[in-house]
Amino acid sequence: MMTAAEIRRTFLEFFQNKSHTIVPSAPITVKNDPTLMFTNAGMNQFKDIFLGNKPPACPRVADTQKCLRVSGKHNDLEEVGTDTYHHTMFEMLGNWSFGDYFKEEAIAWAWELLTEVYQIPKEQLYVTVFGGDEKENLSPDQEARACWGKHIARDRILPGSKKDNFWEMGDTGPCGPCSEIHVDCRSAAEREETDGRELVNAGHPQVIEIWNLVFMEFNRLNDGVLKPLPARHVDTGMGLERLVRVLQGKNSNYDTDLFTPLIRHTEKLTGLKYAGGDSNTDVAFRVIADHVRAICFTIADGQLPSNTGAGYVIRRILRRAVRYYFSFLGIKAPLLYKLIDPLAAQFDNVFPGLEQQKDFLKKVIMEEESGFLRTLDSGMKRMEEYFSGDRKEQALDKTVDGRTAFELYDTFGFPLDLTRLIARERGYLVDEKGFGVEMQKQKNRSRQATATDTEDWVTIHDVPRMTFVGYDDLLVDTRVVKYRGITSKNRRQYQIVLETTPFYGESGGQVGDTGTLMIGNTRLEVTDTKKENDLIIHLTGGIAEDMHAGVTARVDAEKRLRTMSNHSATHLLHAALKEVLGKHVNQKGSLVNPEVLRFDVSHFAKISDQQLHETESLVNEKIRENIPVVIRELPKQEALKLGAMALFGEKYGDRVRVVTMDPRFSIELCGGTHVGHTGMIGLFTITSESAVAAGVRRIEALTGGAAIRYVTDKITQHKAISELLKAKEPLKAVEKLLEDKAALEKQAAASAAKELSRLSDMLAKSAEPLGGLSFIGKVVEVPDADALKQLCFQLKPRFTTYGFILAADLQGKAAVALMLDDATAAEKNLDAAGIIREKLAPLIRGGGGGQKTFATAGGKDISRLGEVVETVKNILAGRASL
Ligand code: SER
């Protein structure tokens, strides 16, 4: 029996022998394509070739591509785990012809590989061909039918609908009729009983599609029109997991050697057994084995879990896996990260990015799992509150209302089925309609916030290729290739594509250029430049009167220069961090603009001040060495042999651009723009270091003029402080100042205490007998209201029956404290708080309160403090009523 690795290798070798160039998988995360978040088909990386935006490097290629289908047009998430042949992440084996061979060869080779090389019995195979579609005005694919007729019995060639046999990448983009190959894996007896052709495309778990041959002929435009492509291409895709299952004779993809190592490991970790059935436990095993792959591959390609966009998709997959082990395997602690070792080992020879980033993946995934387990816990508490909440209502209507179900979903990440499950355990139903209503409301809110209306391109000059010349030129004369309008948040803008452009399109962390386009007599500001795959798009607020006129494109050179300085410094920083922190640090993101540079690296601890200092010094040393920045184009393998740092998740062609600043220090694959010599950076200074996510640290830094201004500003402050302190070494002086301050504060506190006890002695002496108690009433001089309280409490132990009323003028504010002993208060039916509130606070125009035996007040009027004392004296003497 062939192993999965052998099956993969056989596919690639087969097509290599048919003159195909084997290319690497593109990253599973997609950059520079607003229509896609993840690679969902092998052809994504060739989209520009199909659309005619880019000529192919070779006319025939083949590869194995990491794909993810959980968002957008192709979304399998909810099926994953419940059946045995859908996956979130899967490998797609594919062969392509770019305007070279077409249906004849594609069909003959697919048949040869399946039946002769892999030896799948012919009587178990069926094929489908496009049966035409009237609405689209497309006729049946007779050509494909005729090609198949040379290999397979005519009654095994089945017509298919547009849904199954017309492949489209998304709502727009390249598309065409396709022909699928299905395998009937049932036993001979079952095949005898029911004809396999009835089960093709009918959702039967044993009669499955394994290969799709797409004949790319059209581009689907925004208005739905199918526009013929400049040339006809072949795009085939075969799911490796399904192929392996067929060739290994298994009933389920999960019983192949692609998944069994993960399942066995999960068994070991949980103490449970996978039985391959439909029980919740078995589904959980499959969900975990599938999802851990999706999570690891996407994170390894540079997308961290987050709350928006692609990051949120990963978070959702991870949460789905956690929910399954939490609910059905009884696991309440992080589990997925423990599967990374067997997973990475399995792909070591194909996708080494996992093995190389194992520790990082573990850290990120473990923290993400822990976070969600904590949220699950709070969500469970929220549900308990709900169940024990309104008992009367519960008796009447045992339903979790839609709002609560949505709150659980939105705030606690509880998918509806988890809420349903927990509710059911407590004998509750869930108002799913109500949940749907709330969900729709939220969708409407977010759609309004992000809706973008992109129009179709208007072609001005049809040119065979577009060229970027901005590495060398910042000013060129050219012409408009095409433009389109784009409206978002009520703002209309235009995207313009030029035949030749000096504008750098945002990529590799470097922001897009700004500048101007002079089209005929119209001057347009370019506010940003973006890349869509390889197309460079200039963003403007308007278009010219005559878009056919000649164009002068000018980049804002000053801004570009500052950006280049920051970009080159980023390479030096990357290399310096590897020296100072260790080889384990990898770039996890970067932003390079004219103002600052920001660099994220995988590292598990805070980068210490000492390490930052060393890094900064090393970068500045390399700047002073004024190293020439050497940029070369090399074959990728050669560049990697030189030790060039390639980034995970970046797409590299066969020939790569290599940026070297001293071959012993920094060699990176990079498409960005750089200074000629490192000396042009001038100065490099780190301004901050912080954490951005689990295991990822962020450094922000400045270069050139900005760095000098930053340092000059610090020096100016330093000087001002020295002058203020009249000290050459302000640090020592400030330390001394703080010491002196602490000592003075201690002294001040001691003398205040002494003064207070002197005052209380004096007050004690002034006590006079009044109505059977000792009365002390005085306007005193104290620093604050607390001193009045302290005085009362210091006087208290010296008398048995007493009444103290102390008042003070605190810098224009009145403060009063009144204290009585318990017995007096009880016998005379007096209440200190009452006296304060009703008699004294009005006198000083303020408020107060307290207890029966001690109360205080504060007020605005200091002119009647004497009256305050008199009032209390009269009350205690029984001369005044309460
Ligand atoms: N693009 C087709 C698919 O994804 C064939 O590669 O099925």
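Applying the criterion of being away from the ligand (no atom under 14 Å from the Cβ) and of a type in the set (A, V, I, L, M, F, W, C) to the residues of region 29-68, the residue that is farthest from Gly99 (Cα to Cα) is Met37.
Pull up region 1-22, narrow it to residues that are of a type outside the set (A, V, I, L, M, F, W, C) and assigned to a loop (DSSP other than H, G, I, E, B), then point me to the one that is surrounded by the fewest Cβ atoms within 10 Å (Cβ to Cβ). Top of the filtered list is Asn17.
Taking region 230-241 on its own, how many of its residues are within 12 Å of the ligand (Cβ to nearest atom) and under 13 Å from Ile208 (Cα atoms)?
Filtering region 230-241 for residues within 12 Å of the ligand (Cβ to nearest atom) gives 233-239.
This time we only want the ones that are under 13 Å from Ile208 (Cα atoms), so: 238-239.
Residues that pass the stated criteria total 2.
Report yes if some residue within region 178-186 is of a type outside the set (D, E, K, R), in contact with a Lys or Arg (Cβ under 7 Å, 6 or more places away or on another chain) and within 19 Å of Gly42 (Cβ to Cβ); otherwise report no. Checked against the condition, which is being of a type outside the set (D, E, K, R), in contact with a Lys or Arg (Cβ under 7 Å, 6 or more places away or on another chain) and within 19 Å of Gly42 (Cβ to Cβ), region 178-186 yields no hits at all. Would you confirm whether or not region 23-37 contains a residue that is part of a helix (DSSP H, G or I), buried (at least 22 other Cβ atoms within 10 Å of the Cβ) and either touching a His at 6+ places or on another chain (Cβ under 7 Å) or not charged (D, E, K, R) (or both)? No. Just name the residue that is farthest from Pro594 (Cα to Cα) out of those in region 706-756 that are among the small types (Gly, Ala, Ser) and surrounded by 13 or more Cβ atoms within 10 Å (Cβ to Cβ). Looking at the filtered set, the residue picked out is Ala752. Within region 163-199, restricting attention to residues that are among the aliphatic types (A, V, I, L, M) and surrounded by fewer than 22 Cβ atoms within 10 Å (Cβ to Cβ), which residue is farthest from the chain's Cα centre (by Cα)? The extreme case among them is Ala189.
Pairing each residue of region 167-187 that is closer than 21 Å to Val129 by Cα and in contact (Cβ under 8 Å) with a residue 60 or more places away in the chain with any residue that is more than 15 Å from the ligand (Cβ to nearest atom) and polar (S, T, N, Q), provided the two are 6+ apart or on different chains, yields C-beta distances under 9 Å for Val183/Gln124; Val183/Gln206; Asp184/Gln124; Asp184/Gln206; Cys185/Gln124; Cys185/Gln206; Cys185/Asn251. The residue that is nearest to the ligand (Cβ to nearest atom), among those in region 242-270 that are under 19 Å from Tyr324 (Cβ atoms) and of a type in the set (S, T, N, Q), is Asn253. Close Cβ contacts (under 8 Å, 6 or more residues apart or on different chains) running from residues in region 530-546 that are over 24 Å from Gly52 (Cβ atoms) to residues that are assigned to a loop (DSSP other than H, G, I, E, B) comprise Ala544/Gly520; Ala544/Asn521; Glu545/Gly520; Glu545/Asn521; Asp546/Gly520. Tell me which residues, restricted to region 117-141, are surrounded by fewer than 19 Cβ atoms within 10 Å (Cβ to Cβ), closer than 30 Å to Ala57 by Cβ and not hydroxyl-bearing (Ser, Thr, Tyr). Residue satisfying the conditions is Val117 alone.
Quick check: anything in region 65-74 at pLDDT 90 or above and in contact with a Gly (Cβ under 6 Å, 6 or more places away or on another chain)? Yes, because at least one residue in region 65-74 is at pLDDT 90 or above and in contact with a Gly (Cβ under 6 Å, 6 or more places away or on another chain).
Of the helices (runs of 4 or more DSSP H) lying entirely inside region 257-328, those carrying at least 2 residues that are within 24 Å of Gln65 (Cβ to Cβ) and within 29 Å of the chain's Cα centre (by Cα) are 280-300, 309-328. Determine, yes or no, whether Leu618 is assigned to a helix (DSSP H, G or I), surrounded by fewer than 20 Cβ atoms within 10 Å (Cβ to Cβ), among the aliphatic types (A, V, I, L, M) and in contact (Cβ under 8 Å) with a residue 24 or more places away in the chain. The answer is yes for Leu618. For Lys726, the criteria (1) at positive phi; (2) touching an Asp or Glu at 6+ places or on another chain (Cβ under 9 Å) hold in every case but one, which is (2).
Let's see how each residue does on (1) surrounded by 15 or more Cβ atoms within 10 Å (Cβ to Cβ); (2) under 27 Å from the mean Cα position of the chain (by Cα); (3) assigned to a strand (DSSP E or B):
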{"site": "Arg445", "(1), (2), (3)": "no, yes, no"}
{"site": "Val463", "(1), (2), (3)": "yes, no, no"}
{"site": "Asp473", "(1), (2), (3)": "no, no, no"}
{"site": "Asp477", "(1), (2), (3)": "no, no, yes"}
{"site": "Val481", "(1), (2), (3)": "yes, no, yes"}
{"site": "Arg484", "(1), (2), (3)": "yes, no, yes"}
{"site": "Thr487", "(1), (2), (3)": "no, yes, yes"}
{"site": "Arg492", "(1), (2), (3)": "no, no, yes"}
{"site": "Ile496", "(1), (2), (3)": "yes, no, yes"}
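If I filter region 214-234 down to residues being buried (at least 17 other Cβ atoms within 10 Å of the Cβ) and among the basic types (Lys, Arg), which single residue comes out as modelled with the highest pLDDT? Among those that are buried (at least 17 other Cβ atoms within 10 Å of the Cβ) and among the basic types (Lys, Arg), it is Arg232.
Do we find a residue being farther than 12 Å from Leu262 by Cα and of a type in the set (Asp, Glu) anywhere in region 348-357? Yes - at least one qualifying residue is present in region 348-357. For region 188-227, filtered to residues that are touching a strand residue (DSSP E or B) at 6+ places or on another chain (Cβ under 6 Å) and without any contact (Cβ under 8 Å) to a residue 24 or more places away in the chain, the residue that is farthest from the ligand (Cβ to nearest atom) is Leu199. For region 142-157, the criterion of a residue being at pLDDT 95 or above, among the aromatic types (Phe, Trp, Tyr) and surrounded by fewer than 20 Cβ atoms within 10 Å (Cβ to Cβ) is satisfied by no position. Of the numbered criteria (1) touching a Pro at 6+ places or on another chain (Cβ under 6 Å); (2) farther than 17 Å from Val692 by Cβ; (3) without any contact (Cβ under 8 Å) to a residue 60 or more places away in the chain, the one Tyr274 fails is (1).
The values are calculated or read from the model by the stated rules, or taken from the named source; none is laboratory data. On a predicted model such as this, the values are computed, not experimentally measured, just so you know. As a convention, Cβ positions derive from the backbone with ideal geometry for all residues, glycine included, and neighbour counts pool all protein chains shown.
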